[in-house]
Amino acid sequence: MGKNANAKTAQPADAHLNTPTPLTGSEIVWATLVGEGVTDVFGYPGGAILPVYDALRKFPIHHTLVRHEQGAAHMADGYARASGKVGVAIATSGPGATNLVTGIATAMLDSIPMVCITGNVSSKLLGSDAFQEVDITGITLPITKHNFLISRTEDIAPAIRQAFQIAQSGRPGPVLVDITKDAQQGKATFDFAAAQPKPYRPHPMLKVEKHGLEHAAELIRNARRPVILAGHGVAESGAMEQVRTLAERTQTPVALTLLGLGCFPASHPLNLGMMGMHGEAWVNHAIQEADLLIACGMRFDDRVTGTLATYAQKAKKIHIEIDPSEINKNVKADVALVGDLREVLEELLPRISSRGQGGRDGSAWLKTINNSKGECSVHDIENLPDSGHLYAAHVMHDLWRITGGDAIVVTDVGQHQMWEAQYFHHEKPRTLVTSGGLGTMGFALPAAIGAKTACPDKEVWVVAGDGGFQMTAAELSTIVQEKLKINIAIVNNGYLGMVRQWQEFFYDRNYESTPLISPDFVKLAEAHGIAARAVRTRSEVETVVNEARKAPGAFLINFLVEKEDSVYPMIPVGAALHEMIRRPEKDPLLETPEDE
Ligand SMILES: Cc1cc2nc3c(=O)[nH]c(=O)nc-3n(C[C@H](O)[C@H](O)[C@H](O)COP(=O)(O)OP(=O)(O)OC[C@H]3O[C@@H](n4cnc5c(N)ncnc54)[C@H](O)[C@@H]3O)c2cc1C
Ligand SMILES: Cc1ncc(C[n+]2csc(CCOP(=O)(O)OP(=O)(O)O)c2C)c(N)n1
Ligand SMILES: [Mg+2]
């Protein structure tokens with residue numbers, strides 16, 4: 001450990017906030033972050049950001065040293081998703097900045113509030129192909145909500161404050177602030193109050209018209225087969241209670257997007273489960289049969305709708321959404337209520353009476369859906385007896401049961417992600433952290449570090465595939481350095497499983513480049529000083545999961561699951577929502593070559 005590692009001479013958090021003070025640009029970076037309430041950042045140093053690192057010890061901010069800047073961006077993202085606060089990532093110029101790109105795009109596609117700070121070469125060298133110079137504002141223009149190139153010390157505080165406001169306001173998203181080295185080294189008067197961002201001006205369309213509300217209320221009153229589609233915007237606006245009131249008052253069932261899971265309790269009798277490509281069959285059938293869809297903070301992603309030509313043809317659509325550009329983008333809305341979901345619902349709810357007080361009786365519709373659930377359960381792996389094999393679905397189900405569902409699960413991307421969504425039942429928002437829009441493999445391990453940093457008292461589980469885990473496995477060292485109690489479940493099927501599944505269904509089982517050799521994950525963990533176990537049968541799952549939970553430090557479990565199992569149901573790309581491939585009824589489980 002370097003001799004200065006513990007030499008923090010941090011000043012009180014508000015030391016510079018109340019009186020204008022002369023500071024260096026680097027000090028201004030930290031002082032502004034303190035003013036914005038930041039306590040944790042994730043980053044990696046280098047020449048062009050070194051002045052900022054040099055000033056860190058004077059400020060009460062914890063810096064997590066990552067192993068790759070992609071990790072820093074995912075950690076900031078996981079921090080934001082788990083807490084609702086803005087996540088902060090820091091990197092140097094050139095390769096440091098470009099390494100952030102995948103993480104920034106991941107946050108952009110899922111509307112995550114994040115601020116990335118990068119150093120750049122001195123302003124005089126900009127545009128000269130100087131050492132480690134890259135035009136990171138140019139590169140990130142399409143994947144940030146906004147970005148800044150700052151070359152004057154006095155502009156640092158206003159830019160960072162504006163970045164925080166932009167990241168959090170309206171539809172959230174990532175913002176990048178690139179600061180030249182000379183701006184970091186210069187001096188200016190730091191005046192936090194004077195650096196106040198321009199007032200947030202909501203989009204002119206963000207006005208909920210009275211006639212829109214009346215029209216929506218009328219559609220809701222008259223609907224016989226309504227479904228609420230609850231998405232990520234429910235958590236982002238904090239509208240859980242309002243959505244629940246709407247559902248209960250009108251006895252309307254609620255279907256959730258992948259990013260909406262947890263926004264409506266899984267155990268609630270009106271919760272249908274996940275919609276879309278790998279959603280429950282009864283949910284997709286209900287959407288196709290519905291006469292009204294009430295879309296709440298979701299953007300009709302193509303994984304949700306299947307082919308648009310046949311999507312919910314019988315239904316009128318009410319779309320409640322904060323970003324006007326989402327209205328009529330994929331699915332035409334009969335009524336668009338543009339605004340913050342919670343505020344819109346608060347205006348809408350007084351116009352809707354409860355069942356039994358002039359409201360409709362939804363029991364026949366709920367009964368129809370419930371009947372189709374019964375039919376679906378014969379396809380369900382969860383109900384199969386323990387055959388001595390280990391299925392990922394069983395692992396997810398057991399993880400949910402053993403933890404009582406009271407954990408933050410951070411998944412990677414692939415089959416395991418879908419099994420988690422199907423079999424781990426989330427009761428609360430922000431308990432599933434997953435990359436939906438970009439589908440970024442390598443997300444889980446670093447994002448879990450961010451989530452655990454944000455919520456140190458929560459039980460945090462990584463659920464990753466053998467492929468994605470290897471993309472960012474270097475962050476195991478970060479877990480150890482930060483002494484984080486994170487449990488890691490690797491769903492090891494020896495394949496890039498989701499791609500293998502597509503090859504099985506659509507490419508004649510030509511398993512080109514999907515079988516995957518992995519290191520011994522137990523030994524890999526142990527090499528990092530992390531305790532680990534392998535699990536091969538279902539009967540071992542409970543004991544080892546409990547061992548992991550009780551272990552004082554991080555713990556990794558290598559679940560050696562069936563190799564060629566597939567995620568069902570599945571809507572092939574280009575098919576209608578109800579045209580699902582179902583788990584074969586007669587021989588529901590695929591045998592691995594070893595079984596034959
Ligand atoms: C392998 C894989 C398979 C997948 N399969 C499925 C699947 O089967 N089913 C599924 O659902 N998804 C699936 N996804 C995820 C899918 O790609 C999308 O990411 C997801 O459907 C998006 O959900 P969303 O619209 O709720 O969230 P987002 O994409 O985050 O959109 C949220 C919307 O809410 C709006 N919003 C934000 N804040 C507010 C506010 N305050 N008030 C009002 N509106 C607000 C935003 O403007 C945005 O339009 C899959 C992803 C992967 C990687
Ligand atoms: C960075 C990145 N590269 C490629 C893909 C395409 N892809 C989606 S799922 C998948 C396979 C994931 O394999 P694994 O991590 O083992 O998880 P599994 O599907 O087996 O559960 C791939 C390659 C991706 N989503 N992200
Ligand atoms: Mg795999």
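If Rh is defined by the Kirkwood formula over all Cα pairs and Rg also comes from Cα, what ratio Rg/Rh do you get for the stretch 69-168? Let's see the in-between values first.
Details: Rg = 13.1 Å, Rh = 13.7 Å.
Taking Rg over the Kirkwood Rh, I get 0.96.
What do you get for the angle between helix 392-403 and the principal long axis of the chain? Use alpha-carbon atoms, 0 to 90 degrees, nearest ten.
70 degrees
Label the stretch 133-199 by shape, choosing from rounded, prolate and oblate, from the square roots a ≥ b ≥ c of the eigenvalues of the Cα gyration tensor; if a/c is under 1.5 it is rounded, and otherwise prolate applies when a/b is larger than b/c, oblate when it is not. Kindly include the intermediate steps, with their values, before the conclusion.
Numbers: a/c = 3.63, a/b = 1.14, b/c = 3.19.
Note, shape of the stretch 133-199 comes out oblate.
Dividing the alpha-carbon radius of gyration of the stretch 167-295 by 2.2 N^0.38 Å (N being the number of residues), what value is obtained? Please list the in-between numbers first.
On the way: Rg = 21.1 Å, N = 129, 2.2 N^0.38 = 13.9 Å.
Compactness ratio reported: 1.52.
Over all directions, the average projected area of the alpha-carbon convex hull for the stretch 234-341 comes to how many nm²? Walk me through the numbers on the way to the answer.
Details: hull surface 24.5 nm².
Its Cα hull, projected and averaged over all orientations, spans 6.1 nm².
Using only the alpha-carbon atoms, how far is helix 538-550 inclined from the longest principal axis of the chain? Give it as 0 to 90 degrees, nearest 10.
So the helix axis and the longest Cα principal axis differ by about 30 degrees.
Among LEU33, LEU524, what's the order by accessible area (1.4 angstrom probe), most exposed first?
Numbers: LEU33 0, LEU524 50 Å².
Descending accessible area places them as LEU524, LEU33.
Provide the net charge surrounding THR92, with neighbours chosen by a C-beta distance below 14 Å and charges set as Lys +1, Arg +1, Asp -1, Glu -1.
So the surrounding residues net to -3.
Rounded, prolate or oblate: which fits the stretch 474-544, taking a ≥ b ≥ c as square roots of the Cα gyration tensor eigenvalues, rounded meaning a/c under 1.5, else prolate when a/b beats b/c? It would help to have the intermediate numbers written out before the result.
Details: a/c = 2.88, a/b = 1.86, b/c = 1.55.
Verdict is prolate for the stretch 474-544.
Just add up the charged neighbours of PHE192: K/R +1, D/E -1, any other residue whose Cβ is under 11 Å from the Cβ of PHE192.
Working: positive: ARG161; negative: ASP14, GLU36, ASP191.
Summing Lys and Arg as +1 and Asp and Glu as -1 gives -2.
With a 1.4 Å probe and all protein chains kept in place, how much accessible area does TYR507 have, in Å² rounded to the nearest 10?
140 Å²
Quickly estimate the mean residue ellipticity at 222 nm for the chain, helices only: each DSSP H run with n ≥ 4 gives -39500 (n - 2.57), and the total goes over all residues, rounded to 500. Kindly include the intermediate steps, with their values, before the conclusion.
On the way: 23 runs with 209 residues, N = 596.
Estimated from H runs of four or more residues: -10000 deg cm²/dmol.
Which is farthest toward the positive dipole end of the chain among ALA255, PRO569, SER83, measuring Cα position about the Cα centre, with Cβ charges +1 (Lys, Arg) and -1 (Asp, Glu)?
The listed residue farthest towards the positive side: SER83.
Beyond 12 Å, what percent of the Cα pairs of the stretch 280-323 remain? Write down the numbers at each step before the final one.
Details: 594 of 946 pairs.
Cα-Cα pairs in the stretch 280-323 separated by more than 12 Å: 63 percent.
Take every Cα pair under 8 Å in the chain that's 6+ residues apart, average their separations, divide by the length, and report that relative contact order as a whole percent. Before the final figure, lay out the partial values.
Values: 1330 pairs, mean separation 79.8, N = 596.
Normalised by residue count, the contact order of the chain is 13 percent.
To the nearest 20 debye, what charge dipole does the chain have about its Cα centre, counting +1 at the Cβ of each Lys and Arg and -1 at the Cβ of each Asp and Glu?
Details: 55 positive and 68 negative charges, 313 e Å.
My answer is approximately 1500 debye.
Grab the eigenvalues of the alpha-carbon gyration tensor for the stretch 7-89, scale each by 5, take roots, and send me the semi-axes largest first in whole angstrom.
On the way: eigenvalues 97, 51, 20 Å².
In descending order, the three semi-axes are 22, 16, 10 Å.
Report, in whole Å, the centroid distance computed from the Cα atoms of the stretch 312-335 and the stretch 206-246.
The distance from the Cα centre of the stretch 312-335 to that of the stretch 206-246 comes to 12 Å.
Express in whole angstrom the spacing between the alpha-carbon centres of the stretch 84-116 and the stretch 452-506.
What the calculation gives is 20 Å, centre to centre.
Once phi is turned into θ = phi - 60°, what whole-Hz ³J(HN,Hα) does the Karplus curve with 6.51, -1.76 and 1.60 give for every residue of the stretch 418-425, x standing for Gly and Pro?
6, 5, 4, 4, 7, 10, 9, 8
Report the percentage of all Cα-Cα pairs in the stretch 535-587 whose separation exceeds 13 Å, rounded to a whole percent.
Details: 977 of 1378 pairs.
Tail of P(r) above 13 Å: 71 percent of Cα pairs.
Give me the percent of DSSP beta bridges within the stretch 458-596 that run antiparallel, rounded to the nearest 5. Walk me through the numbers before you get to the answer.
Numbers: 2 of 18 bridges.
Antiparallel bridges: around 10 percent, rounded to the nearest 5.
Quick query: amide H of GLY465 versus all other amide H atoms, modeled in the peptide plane; which residues come in under 5 Å with a sequence gap of 5 or more or a different chain?
Under 5 Å from the amide H of GLY465 lie the amide H atoms of ASP412, VAL413, VAL491, each far enough along the sequence or on another chain.
Only bridges with both residues in the chain count here: give the DSSP antiparallel percent, nearest 5. Please report the intermediate quantities before stating the final value.
On the way: 6 of 72 bridges.
Once the DSSP bridges in the chain are tallied, antiparallel ones form about 10 percent.
May I ask for the net charge around THR411, where only other residues with Cβ less than 12 Å from the Cβ of THR411 are counted and Lys, Arg are +1 while Asp, Glu are -1?
Working: positive: ARG81; negative: ASP412, GLU420.
Spelling it out: positives minus negatives among the neighbours equals -1.
Any chance you could list P(r) for the stretch 381-508, counting all Cα-Cα pairs in 10 angstrom bins from zero, rounded to whole %?
13, 43, 34, 9, 1
Can you list which of the chymotrypsin sites (Phe, Trp or Tyr not before Pro) found in the stretch 64-169 are DSSP loop residues with at most 16 other C-beta atoms within 10 Å? Don't jump to the answer; show the numbers that get you there.
Working: sites: TYR79, PHE131, PHE148, PHE164; in loops: PHE131.
Loop-located and lightly packed - PHE131.
Considering the Cα positions of the stretch 205-276, please state its Rg to one decimal place and its Dmax as a whole number of Å.
12.7, 37
Can you tell me the dipole magnitude for the stretch 135-208 around its Cα centre, using point charges on the Cβ only (Lys, Arg +1; Asp, Glu -1), in Debye to the nearest 20? Write out the running numbers ahead of the final one.
Numbers: 9 positive and 6 negative charges, 78 e Å.
So the dipole magnitude of the stretch 135-208 works out to roughly 380 debye.
Which ³J(HN,Hα) values in Hz, rounded to whole numbers, follow from the phi angles of the stretch 288-304 under the Karplus curve 6.51 cos²θ - 1.76 cosθ + 1.60, where θ = phi - 60° and Gly and Pro get x?
With the stated coefficients, the stretch 288-304 comes to 5, 8, 4, 9, 8, 10, 10, 8, 10, x, 9, 10, 6, 4, 5, 5, 9 Hz.
From the phi of every residue in the stretch 130-135, what ³J(HN,Hα) in whole Hz does the Karplus formula 6.51 cos²θ - 1.76 cosθ + 1.60 yield, where θ is phi - 60° and glycine or proline is x?
Values, residue by residue: 5, 4, 6, 8, 9, 7 Hz.
Between SER169 and SER325, what is the label-point separation in nm under the 7 Å Cα-to-beta-carbon projection?
In this crude label model, SER325 to SER169 measures out at 1.7 nm.
Rounded, prolate or oblate: which one fits the stretch 102-226, using the alpha carbon gyration tensor with axes a ≥ b ≥ c (rounded when a/c is under 1.5, else prolate when a/b beats b/c, else oblate)?
Details: a/c = 4.15, a/b = 2.19, b/c = 1.90.
Prolate, since a/c reaches 1.5 and a/b exceeds b/c.
Counting pairwise Cα distances across the chain, what percent come out greater than 47 angstrom?
On the way: 29228 of 177310 pairs.
Taking all Cα-Cα pairs of the chain, the fraction more than 47 Å apart is 16 percent.
Taking the inverse of the average 1/r across all pairs of different Cα atoms in the stretch 427-581, what Kirkwood radius in Å do you get? If you can, show how the numbers build up before the last one.
Values: mean 1/r = 0.0593 Å⁻¹.
This gives a value of 16.9 Å.
The values are calculated or read from the model by the stated rules, or taken from the named source; none is laboratory data. Source: prediction; values computed, not measured. With ideal geometry, Cβ positions are generated from the backbone for all residues, glycine too; neighbour counts draw on all protein chains shown. SASA here: full protein model, heavy atoms, side chains in, ligands and nucleic acids out. Shrake-Rupley method; radii C 1.70, N 1.55, O 1.52, S 1.80 Å.
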